[in-house]
Amino acid sequence: MKARIVVTLKTGVLDPQGKAIEAALKSFGINEVSGVRQGKVFDLEVASENREQAEATLKAACEKLLANTVVENYTVEIA
């Protein structure tokens, strides 16, 4: 089973990488872009026939390793 996990910073958490990307875009003359926030995407394959079990496994992976739940949110999408 294929899955995608998207990890983003929570609202209100400072995003220095997003600010740096925004500044770089402006230095290239791309001035119409603002409010840049960066995140992470993980594409995984889960060896499970049961969708609920796969989702539980992926949530455990996020909670234990892939996301810092103090400052990040995550979403799990199963294809």
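Values quoted throughout were computed directly from the atomic coordinates according to the rules given, and no laboratory measurement underlies them. Bear in mind the structure is a predicted one, so any value in this text is a computation, not a measurement. Because the Cβ atoms are built from the backbone with ideal geometry, glycine has one as well, and the counts that use them run over all protein chains shown.
Looking at segment 1-67, which GluC sites (Glu not before Pro) are in a loop (DSSP not H, G, I, E or B) and have at most 16 other Cβ atoms within 10 Å?
Of the GluC sites (Glu not before Pro), the ones in loops of segment 1-67 whose Cβ has at most 16 other Cβ atoms within 10 Å are 32, 49.
Once you mark the trypsin sites (Lys or Arg not before Pro) that are in a DSSP loop and have at most 15 other Cβ atoms within 10 Å, what is the longest gap between them in the chain?
Here the longest segment lacking exposed loop sites spans 38-79.
Can you give the FRET efficiency to the nearest 0.05 for residue 51 and residue 72, using r as the Cβ-Cβ distance and R₀ = 22 Å?
0.35
Take the Cβ-Cβ distance between residue 31 and residue 10 as r, set R0 to 30 Å, and report the resulting FRET efficiency rounded to the nearest 0.05.
The calculated FRET efficiency here is 0.65.
Shape call for the chain from the C-alpha gyration tensor, a ≥ b ≥ c root eigenvalues: rounded (a/c under 1.5), prolate (a/b greater than b/c) or oblate?
Prolate, since a/c reaches 1.5 and a/b exceeds b/c.
Of 21, 42, 9, which is farthest along the charge dipole of segment 2-78 in the positive direction, counting Lys and Arg as +1 and Asp and Glu as -1 at C-beta?
Highest projection toward the positive end goes to 21.
Quick one: helix 51-61 against the long Cα principal axis of the chain, what's the angle to the nearest 10°, folded into 0 to 90?
Between helix and principal axis, roughly 50 degrees.
Could you work out how far helix 16-27 tilts from the main Cα principal axis of the chain, as a 0 to 90 degree angle to the nearest 10?
Once rounded, one gets 50 degrees.
Could you tell me which chymotrypsin sites (Phe, Trp or Tyr not before Pro) in segment 6-79 are loop residues by DSSP with no more than 14 other beta carbons within 10 angstrom of their beta carbon?
In loop regions of segment 6-79 (DSSP not H, G, I, E or B), the sparsely surrounded chymotrypsin sites (Phe, Trp or Tyr not before Pro) are 28.
Per DSSP H run of at least 4 residues, take -39500 (n - 2.57); add these up for the chain, divide by its residues and hand me the 222 nm value, nearest 500 deg cm²/dmol.
Helices in the chain give a 222 nm mean residue ellipticity of -9000 deg cm²/dmol.
Which whole-number percentage describes the relative contact order of segment 2-78, with Cα contacts under 8 Å and a sequence gap of 6 or more?
Taking the mean separation of contacting Cα pairs over the length of segment 2-78, I get 50 percent.
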